[in-house]
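Undergrad: This is the structure I have questions about; it appears just below.
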Amino acid sequence: MTIVSATAETKTIKLTVYRFNPETDAEPRYETYEAEWLPSLTAIMALTYINKHSRANIAFRRGCREAGCGACTISVNGVPALACRALAQDGDVLEPLKGYPVIRDLVIDRTQQTAEMFRKIKYGREGKPIGFIPAKPEAIGVSRALTICADCHGCNSICPPWLESPARFVGPMYLANIIRAMFNPLEEYDRVAQAVDMGLYNCTLCRACTTSCPKDIEITESMILARQRAVEEDVLPEEVREIRRNILETDSLYGVCGKERASWATDLGIPKSGKTLFFASCEYSATEGGRAVLARAAELLQKAGSSLSYLYEEEQCCGAPLYFYGFQKEFREKAAKVQKLLKETGVEEIITPSPACAYTFRELYPKYAGDSNIQVRTVLEVILEKIRSKAISLKAMGNRKVVFHDPAFLSRFLGMVEEPREILASIPGISLVEPKYYWGANTMGDGGLGASEEVNSKIAQARLRQLAEGGAETIVTASAADSARLKQAAQALGREDMEIVDLIELVARALEV
Amino acid sequence: MPEVDEVIETDVLVVGGGGAGIVAAIEAAKHGVEVTLAVKGLIGHSGCTPAALGGIAGFYVRDPRDSWWQHFCDTVLGGSFLSDQALVEVFVKEAPMALFALEDWGCIWDRDEDGGPYLRQFGGHTYARSVSSGDRSGSEMIKGLKARLVRSPVRVLDEVNVTKLLIDARGEVAGATAVSVRDGKFIVFKAKAVVLATGGMGRVFPLAYTGDWNVGDGYYMAMLAGARVVDLEMLQWHPTAIWWPPGLRGMAGSEALRSEGGRLYNKHGERFMIKYSPEWLEVATRDFISRSIYREYMAGNATERGGVYLSLTHIPPEVIEKRLPSMFANIKSVGIDIRTEPFEITPAAHYTDGGVVVNVMFESEDIPGLYAVGETAGGIHGGNRLGSNSLPDLMVTGIRAGQAASIRATRLKKAGMVAKVPQDQVKEEMQRVFAPLERGDGISPLELRDRHLDLMWKYVSVIRDGKGLGQAVAEMDAMWSQELPKVRVSDGSKTWNYEWLEALDLYPRLFMSQAMALSALLRTESRANHYREDYPDTDNKNWLKNIEVTYDPSASSLSKMIKTTARPVRVTLLTPEEAGLPGLAD
Ligand SMILES: Cc1cc2nc3c(=O)[nH]c(=O)nc-3n(C[C@H](O)[C@H](O)[C@H](O)COP(=O)(O)OP(=O)(O)OC[C@H]3O[C@@H](n4cnc5c(N)ncnc54)[C@H](O)[C@@H]3O)c2cc1C
Ligand code: FES
């Protein structure tokens, strides 16, 4: 065997820590400390080192050091993490979890939250005959996947609906616990009604919790499973029933069908059939702004050498909302129908501006409608490929400071974080500022997958404020739904001065100059 | 002079919010008495319980070959015959009920294809009798316990550090003192019964695989109040805790690492187990491996970083991914790929076998009204705890003590007895607690803590001998009388003061470590979790004895304050002869 030799040199790293002691400080402040670096140095080790060597006396919690107890959660660069597992890197910023009162430094008060949660959940059976009730191993799988949750509060601290509207959404940690009980076959309480009551449908499925969960729990997936149970047991809020009626009656999430849906394409002469299908999506077809982007996108792709086809009035909703709202049966039917239509028209590739539809075709169709060998790409992926291969080149449009808002479907479902930034970087004159809370921290939920308008608009307003903080003049995004919501938010907050533009539109402009 | 900030009257005070404390509180509250639960950490998020992994023993009712008697014998023999058999009997007899209760409280254990509980077999258990929830049994358990707790009329006080038991003139429990970690309030509890559930003391060692603040508070408070504590020299070591990558330091490397063929090497690349156990190599028993590694350290063969290598690189990568998925993922998460690189392991302190001397209701034999449960109670596990025997232990002991405490409180209430708190004890304690905040100048508590940890590792850990132990005893005497009184916290804030917490922990740390060293010094043989290089053999003829420690307040030095006594083991059902222990006769 080969022996790894220890490196003799010692290296130090700098960490910035949020300091606040309400007993003595008027204001929180940030201080930077040095710690001796070791490979795989964790935040707890670094803090312990700093406290010993700098006598900094930073307050932080620690418990098992095993990623088991969930006591040590802090925020590292805006993302919740277990301090006993998070690797400390030079330049890290350590803060207390967002959304909780600070006791001192990194220690938050979460006692009430935890107690409240368990009090309301009411686990267990009461006064039943004692003994093991038989249960099938499969029947407890979902519950088991949620067992490893350490109730560390990390997911709450990053959850847009919980942070902005706690009265309407009880938080992912709480819901995950209810869902854990929902899938315990020994349970007696009506967990489904409880979950709906606690805001199951106000979750925006933005996956902020899931992508930052220190235990890698598929929280969002479990929300969808719970919604499926709510559908099975027919305990739906009225607005969700309405959404289903809409999709099933009009074949579109937003109730846009027929001529209006395809109006953007009238003068473009796109053939109706072909190998490469341009899938316009409900999201982009629903608003005038979205339809303008569609026209730009189609032109741009054609200019760059793609030969597109488009289904015009016959384009149907891909069914994504059905899936995400828990209408599993209807989704399967819908997916089968759309899949059939695509096969009949001989489609080999789908290009769509909507990240939600791209995810649905790429990930959900093979799972629920069978494999079709249809390749799925977003418009942005095609654009990036053309930029990289120099098939198109972008020209300067003057200097401009922009901020990019990552739509949840693009960043957390499709995993495209770097790609839009690479596109932006290839437009001369554009300088990108990042919001303090990067894509991992807070987005507004997408496509209205949270059912409450009130909650959604609060989230959008909070997001707009974050985006505006860095002084950018333009917000660039890549989803028509997110653009629409941000525009509403800008209006509500009197920030109409901020331009909100789709990345596709921006690229199209840079091509034209 | 600081004042008492708050007086809390309660019938039963439970100290500690791991599994044992929660269970005791739930049970006591069932019987109509007022219960207060004070936790140094966060309730359900502190101590060892939430991190427990493997399983919960006691379901011997499924396999027709198995029985409570078999579980009893396994436990007593596994503990090298030091267990208090009366306690083991109630433990094994009530364990199945405890597992049922947990499912009623909202837990669910893994199931077999036929719908019954899936059972695992752990080392030392003759049959598979442990239920589990994947490899996060503690997490499942704690969820059920927390949920049940908040539905019980128990007053929970998070981050309240209990520092001293108050004993009335009759020698019975009258309450306790505490400081609130959050705002430094000094609290006096008046209680008719106190249940200690503060876990073990593994964290007196630098390498420990236990909850971070578990430094023996319960043992310390019990001893100071006049109770006996037993079997302290018995500290269980986990042989392959991770040493490098340091981010995982102290985390247990699963037993499977060795059983899947992992090999141990020293810094010269020698596979040293060939030397120590050519027959068993890396699959020798836990204690044997721990000692072999420790020997390598003492011979100067540790790696430059201070561990020994565990290498899996000769095993096909697919096998590693398939058989050791969570180890692979965990170590990968901090940047080491165990398929291609060796990593470093070390023995780490895991479980404190000993504890407060109790009767079958888990009440201290010395102080009426004082109870000890879970890892804080002594007697069940003797010299070595079997895997998965601790979680059921905390259920059974918690339930029993909870019942007894509530019955006692009810009786005293009916008799119109009011707890009389001795004011002089309170005053003295207040002075001790606030002194480190008020000193103008002095020693850093973190610096003293780290020096003490090193000392423990060097002389009181895996392999001990008379000389080293004597050295440790002398140094701890000096730390106690010359350094501890000078410890000073860098800022005087009473709000979540990290250094203050550490400063207060130094008392149980030093005191209980000394008691451990003295017990180890007295036991001139090697048995179970205690190994003496100068007495390497087990001596059944002279040492079927437990070592008890007591406190003598009049003595001048720490080592004189702690008296050690050996007394014969407590046999009720299984005699050493019946068990066929070797070397009994001359
Ligand atoms: C990683 C790991 C895996 C394990 N796996 C298993 C397993 O699979 N099966 C098994 O049977 N056992 C297992 N064990 C052992 C088992 O988990 C513990 O022995 C058991 O949980 C101890 O429970 P407890 O309630 O006695 O103490 P703990 O859970 O340690 O709780 C102690 C509590 O006391 C509090 N406390 C301490 N001092 C004070 C004070 N002064 N004032 C107030 N509160 C105080 C702490 O904050 C904490 O809440 C494992 C242990 C560890 C660490
Ligand atoms: S210390 Fe327990 S999860 Fe980090």
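The values are calculated or read from the model by the stated rules, or taken from the named source; none is laboratory data. Since we're looking at a predicted model, the values are computed, not measured. Note that each Cβ is placed from the backbone with ideal geometry, even for glycine, and that neighbours are counted across all protein chains shown. In case anyone asks, the SASA skips ligands and DNA or RNA and just uses the protein heavy atoms, side chains included. Shrake-Rupley method; radii C 1.70, N 1.55, O 1.52, S 1.80 Å.
Undergrad: What figure in square angstrom, to the nearest 10, would you give for the accessible area of residue A:400 with a 1.4 Å probe?
TA: Spelled out: residue A:400, probe radius 1.4 Å, area about 50 Å².
Undergrad: Further question: Do any of A:272/A:340; A:275/A:340; B:40/B:190; B:185/B:413; B:267/B:467; A:122/B:143 go past 20 Å between their Cα atoms, and which?
TA: Flagged as over cut-off: B:185/B:413; B:267/B:467.
Undergrad: Sort B:39-50, A:281-292, A:266-277 by the packing proxy (mean of other Cβ within 10 Å over each peptide's residues), most packed first.
TA: By packing density, highest mean first, the sequence is B:39-50, A:281-292, A:266-277.
Undergrad: Calculated from DSSP H runs of 4 or more alone, at -39500 (n - 2.57) each and per residue, what is the 222 nm mean residue ellipticity of the protein assembly as shown, nearest 500?
TA: The helix contribution divided over the protein assembly as shown gives -11000 deg cm²/dmol.
Undergrad: Where the centre of each part is set by its Cα atoms, how far does the stretch B:206-224 sit from the stretch A:355-431, in angstrom?
TA: 55 Å
Undergrad: Express in nm, to one decimal, how much length is gained between residue B:329 and residue B:304 on full extension, taking 0.36 nm for each residue of separation and deducting their alpha carbon distance.
TA: Fully extending the segment from residue B:329 to residue B:304 adds 6.5 nm.
Undergrad: Let me ask another. Where in chain B are the DSSP H helices whose alpha-carbon span along the long axis reaches 30 Å or more and whose Kyte-Doolittle mean is at least 0.5?
TA: B:498-522
Undergrad: Placing +1 at every Lys and Arg Cβ and -1 at every Asp and Glu Cβ, with all other atoms neutral, what dipole size does the stretch B:238-349 have around its Cα centre, in debye to the nearest 20?
TA: Dipole about the Cα centre, nearest 20: 140 debye.
Undergrad: First check a/c for the stretch B:160-240, with a ≥ b ≥ c the square roots of the eigenvalues of its C-alpha gyration tensor; if it is under 1.5, answer rounded, and if not, answer prolate when a/b is larger than b/c or oblate otherwise.
TA: Since a/c reaches 1.5 but b/c is at least a/b, the shape of the stretch B:160-240 is classed as oblate.
Undergrad: Distance from the Cα centre of the stretch B:513-586 to that of the stretch B:38-60, in angstrom?
TA: 29 Å
Undergrad: Separate question: Using only the Cα atoms, work out Rg/Rh for the protein assembly as shown, with Rh taken as the Kirkwood radius, to two decimals.
TA: Working: Rg = 31.9 Å, Rh = 31.6 Å.
In the protein assembly as shown, Rg relative to Rh is 1.01.
Undergrad: Also: Within 10 Å of each candidate Cβ there may be at most 15 other Cβ atoms; applying that plus a DSSP loop requirement, which trypsin sites (Lys or Arg not before Pro) in the stretch B:61-100 survive?
TA: Taking the stretch B:61-100 and a limit of 15 other Cβ atoms within 10 Å, the loop trypsin sites (Lys or Arg not before Pro) found are B:65.
Undergrad: By a straight-distance test (C-alpha under 15 Å), which aspartates and glutamates pair with residue A:215 as possible cross-link partners, with residues fewer than eight away in the same chain excluded?
TA: The reachable aspartates and glutamates, counting only those whose Cα sits under 15 Å from residue A:215, are A:66, A:151, B:135, B:140.
Undergrad: Also, quick follow-up: Which GluC sites (Glu not before Pro) from the stretch A:35-126 combine a DSSP loop assignment with at most 13 other Cβ atoms within 10 Å?
TA: Those that pass, being in a loop and sparsely packed, are A:126.
Undergrad: With just the Cα atoms defining each centre, how far is the stretch B:428-465 from the stretch B:472-486? Give it in Å.
TA: Centre-to-centre (Cα) distance: 8 Å.
Undergrad: Using modelled amide H (1.01 Å from N, peptide plane; none on Pro or chain starts), what sits under 5 Å from the amide H of residue A:318, excluding residues fewer than 5 places away?
TA: For residue A:318, the qualifying residues are A:282.
Undergrad: Dividing the Cα convex hull volume of the stretch B:62-137 by residue count, how many Å³ per residue is that?
TA: On the way: hull volume 7.9 nm³, N = 76.
Spread over its residues, the Cα hull of the stretch B:62-137 gives 105 Å³ apiece.
Undergrad: Okay, next question. Nearest 100 Å², what total accessible surface is buried between chain A and chain B (probe 1.4 Å)?
TA: Details: alone 22690 and 22140 Å², together 38170 Å².
When A and B are taken together, about 6700 Å² of accessible area is lost.
Undergrad: Given Cβ point charges of +1 (Lys, Arg) and -1 (Asp, Glu) and nothing else, what value in debye, to the nearest 20, does the dipole of chain A about its Cα centre take?
TA: Around 820 debye, computed over chain A.
Undergrad: Please give, to one decimal in nm, the separation of the simple spin-label points placed at residue A:434 and residue A:11, each 7 Å out from Cα toward the Cβ.
TA: For residue A:434 paired with residue A:11, the spin-label model returns 1.9 nm.
Undergrad: Note every residue of the stretch B:240-271 with a reduction of at least 30 square angstrom in accessible area, all protein chains present versus the isolated chain, computed with a 1.4 Å probe, or write none.
TA: Residues shielded by partner chains are B:244, B:246, B:247, B:251.
Undergrad: Continuing with this model, one more query. Carbon and sulfur: what percent of chain A's accessible surface (1.4 Å probe)? Walk me through the intermediate numbers first.
TA: Details: 9640 of 19310 Å².
Here carbon and sulfur together make up 50 percent of the probe-accessible area.
Undergrad: Here's a follow-up. Report the rotationally averaged projected area of the stretch A:12-108 based on its alpha-carbon convex hull, in square nanometres. Please list the in-between numbers first.
TA: Details: hull surface 23.4 nm².
Mean projected area of the Cα convex hull: 5.8 nm².
Undergrad: Using a 1.4 angstrom probe, figure out how much accessible area chain A has per residue, in square angstrom, rounded to the nearest whole.
TA: So chain A comes to 38 Å² accessible per residue, rounded to a whole number.
Undergrad: What accessible area per residue comes out for the stretch B:94-170, rounded to a whole number of Å², with a 1.4 Å probe?
TA: 29 Å²
Undergrad: Percent of accessible area on chain B owned by carbon and sulfur, 1.4 Å probe?
TA: Using a 1.4 Å probe with all protein chains present, chain B comes out at 52 percent carbon and sulfur.
Undergrad: Restricting to bridges with both residues inside chain B, how much of the DSSP beta-bridge set is antiparallel, in percent to the nearest 5?
TA: For chain B, the DSSP antiparallel bridge percentage is about 65.
Undergrad: Given just the C-alpha atoms of the stretch B:357-410, how large is their convex hull per residue in cubic angstrom?
TA: Details: hull volume 3.2 nm³, N = 54.
Here the figure is 59 Å³ per residue.
Undergrad: Highest mean first, how do B:4-13, B:374-383 rank when packing is the count of other Cβ atoms within 10 Å averaged over residues?
TA: On the way: B:4-13: 19.7, B:374-383: 31.2.
The peptides rank, most packed first, as B:374-383, B:4-13.
Undergrad: For residue A:395, give me every one of the lysines with a C-alpha distance below 24 angstrom, ignoring sequence neighbours fewer than eight places off in its own chain.
TA: Answer for residue A:395, where 24 Å is the Cα cut-off: A:303, A:386, listed by chain and number.
Undergrad: Given axes a ≥ b ≥ c from the Cα gyration tensor, I'd like to know whether chain A is rounded (a/c under 1.5), prolate (a/b larger than b/c) or oblate. Intermediate values should be presented prior to the final figure.
TA: Numbers: a/c = 1.88, a/b = 1.26, b/c = 1.50.
Oblate, because a/c is 1.5 or more while a/b does not exceed b/c.
Undergrad: If you filter the stretch B:20-122 for GluC sites (Glu not before Pro), then keep DSSP loop positions with at most 15 other Cβ within 10 Å, what is left?
TA: Listed in order of number, the matching sites are B:113.
Undergrad: Okay, moving on. First measure r as the distance between the Cβ atoms of residue B:567 and residue B:183, then evaluate 1/(1 + (r/R0)^6) with R0 = 41 Å and state the FRET efficiency to the nearest 0.05.
TA: Efficiency, rounded to the nearest 0.05: 0.35.
Undergrad: How big is chain B on each of its three principal axes, counting only the C-alpha atoms and giving the largest first in Å?
TA: Computed over chain B, the largest-to-smallest principal extents equal 69, 60, 56 Å.
Undergrad: Under a cut-off of 20 Å between alpha-carbon atoms, report the lysines in cross-link reach of residue A:14, not counting same-chain residues fewer than 8 places apart.
TA: A:52, A:436
Undergrad: Calculate the FRET efficiency for residue B:533 and residue B:112 from the Cβ-Cβ distance with a Förster distance of 41 Å, rounded to the nearest 0.05.
TA: Efficiency, from the Cβ-Cβ distance: 0.35.
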